[in-house]
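S.K.: Take this structure, written in structure tokens, and hold onto it; I'll ask about it next.
The values are calculated or read from the model by the stated rules, or taken from the named source; none is laboratory data. As the structure is a prediction and not an experimental result, all values here were calculated from the model. Here the Cβ is made from the backbone with ideal geometry for all residues, glycine too, and neighbour counts use every protein chain on show. With ligands, DNA and RNA removed, areas are computed over all heavy atoms of the protein, side chains included. Shrake-Rupley method; radii C 1.70, N 1.55, O 1.52, S 1.80 Å.
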Amino acid sequence: MEEPTRRVEYENMLLGRYQHLSQSKGRRKDSTLERSAYILLSRIRVEGPMSISELSDAFGLDASTLRRQTAATLRAGLVEHTLDPEGGVARKFRITEEGERRLDEEREGNVRSLAMVLEGWSEDDIAGFADYLERFNTSIERLHGKTWPRP
């Protein structure tokens, strides 16, 4: 276990385990959004309206999976169809006011949960940890050739 990469692998495994054990299907107990809706809404918020094709490319998922996910978010009133603002023929999904509200609510709940975990950490330690997580994620994105936009 001395090799740092092996330690990262092990700690990453534990992180996934703790999230699974402490949450229901990767969600907080008071969560109001499915995990897929949370990620979908987060991406649309940062990118703006997106088509099924754009979402498929962004997530690396097949169109049928995204059609099911977007259909569920449409039924829940979290997104709505809109015409392509750039004049294209594809219909795009835009986040609704309800979707914005629920996404904000979910994100704040996640931040509160993280604040409990990080209790006792200095602001510098938290900022450093965030920097390393961003670096870790951008390295994964680089390998997969798919960047995730950051606000």
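S.K.: Would a scan of the range 133-141 turn up a residue that is closer than 29 Å to residue 71 by Cβ, part of a loop (DSSP other than H, G, I, E, B) and open to solvent by less than 60 Å² (accessible area, probe 1.4 Å)? Step through it out loud before you land on a result.
M.R.: Residues of the range 133-141 that are closer than 29 Å to residue 71 by Cβ, as a first pass: 137, 140-141.
Then drop every residue that is not part of a loop (DSSP other than H, G, I, E, B), which leaves none.
Checking the range 133-141: not a single residue is closer than 29 Å to residue 71 by Cβ, part of a loop (DSSP other than H, G, I, E, B) and open to solvent by less than 60 Å² (accessible area, probe 1.4 Å).
S.K.: Moving on to the next point. Just to check your reading of the model, which residue among 65, 32 is modelled with pLDDT under 95 and in a helix (DSSP H, G or I)? Break it down into steps so the answer makes sense when it comes.
M.R.: On the way: 32 fails: in a helix (DSSP H, G or I).
On inspection, the qualifying residue turns out to be 65.
S.K.: Right, another one. I'd like to verify a number: residues in the range 112-126 that are within 23 Å of residue 45 (Cβ to Cβ) and open to solvent by less than 80 Å² (accessible area, probe 1.4 Å), how many?
M.R.: 2
S.K.: Does residue 44 fit the bill of being modelled with pLDDT of 95 or more, touching a Leu at 6+ places or on another chain (Cβ under 6 Å) and not in a loop (DSSP other than H, G, I, E, B)?
M.R.: Against the criterion (modelled with pLDDT of 95 or more, touching a Leu at 6+ places or on another chain (Cβ under 6 Å) and not in a loop (DSSP other than H, G, I, E, B)), residue 44 does not qualify.
S.K.: Given the residues 108, 119, which is the only one that is part of a loop (DSSP other than H, G, I, E, B) and farther than 22 Å from residue 59 by Cβ? Steps first, please.
M.R.: Numbers: 108 fails: part of a loop (DSSP other than H, G, I, E, B).
Residue meeting the stated conditions: 119.
S.K.: Now for a separate question. Determine the pairs where a residue that is among the β-branched types (Val, Ile, Thr), located within the range 54-71, has a partner that is modelled with pLDDT of 95 or more and buried (at least 17 other Cβ atoms within 10 Å of the Cβ) with Cβ atoms under 7 Å apart, the partner being 6 or more residues away or on another chain.
M.R.: Correct list of pairs: 70/79; 70/93.
S.K.: Just to be sure, is residue 97 farther than 28 Å from residue 145 by Cα and of a type outside the set (Val, Ile, Thr)?
M.R.: Yes.
S.K.: Quick check on my filter: what residues within the range 90-101 are buried (at least 21 other Cβ atoms within 10 Å of the Cβ) and part of a helix (DSSP H, G or I)?
M.R.: 99 - this is the single residue of the range 90-101 that is buried (at least 21 other Cβ atoms within 10 Å of the Cβ) and part of a helix (DSSP H, G or I).
S.K.: Quick check on my filter: what residues within the range 136-151 are of a type outside the set (A, V, I, L, M, F, W, C) and in contact with a helix residue (DSSP H, G or I) (Cβ under 8 Å, 6 or more places away or on another chain)?
M.R.: Once the filter is applied, which keeps residues that are of a type outside the set (A, V, I, L, M, F, W, C) and in contact with a helix residue (DSSP H, G or I) (Cβ under 8 Å, 6 or more places away or on another chain), the range 136-151 yields 146, 147, 149, 150, 151.
S.K.: Could you tell me whether the range 76-85 includes any residue that is among the aliphatic types (A, V, I, L, M) and assigned to a strand (DSSP E or B)?
M.R.: Yes, the range 76-85 contains at least one residue that is among the aliphatic types (A, V, I, L, M) and assigned to a strand (DSSP E or B).
S.K.: While we're on this one: Take residue 106 and decide whether it is under 21 Å from residue 31 (Cβ atoms) and open to solvent by 90 Å² or more (accessible area, probe 1.4 Å).
M.R.: Taking the combined requirement at face value, the residue does not satisfy it.
S.K.: Same structure again: Under 8 Å by Cβ, and 6 or more places apart or on different chains, what pairs join a residue from the range 84-111 that is in contact (Cβ under 8 Å) with a residue 40 or more places away in the chain and within 16 Å of residue 50 (Cβ to Cβ) with one that is open to solvent by 60 Å² or more (accessible area, probe 1.4 Å) and part of a strand (DSSP E or B)?
M.R.: Here the result reads 91/81; 92/81; 93/80; 93/81; 94/80; 94/81, each pair linking the range 84-111 to a residue that is open to solvent by 60 Å² or more (accessible area, probe 1.4 Å) and part of a strand (DSSP E or B).
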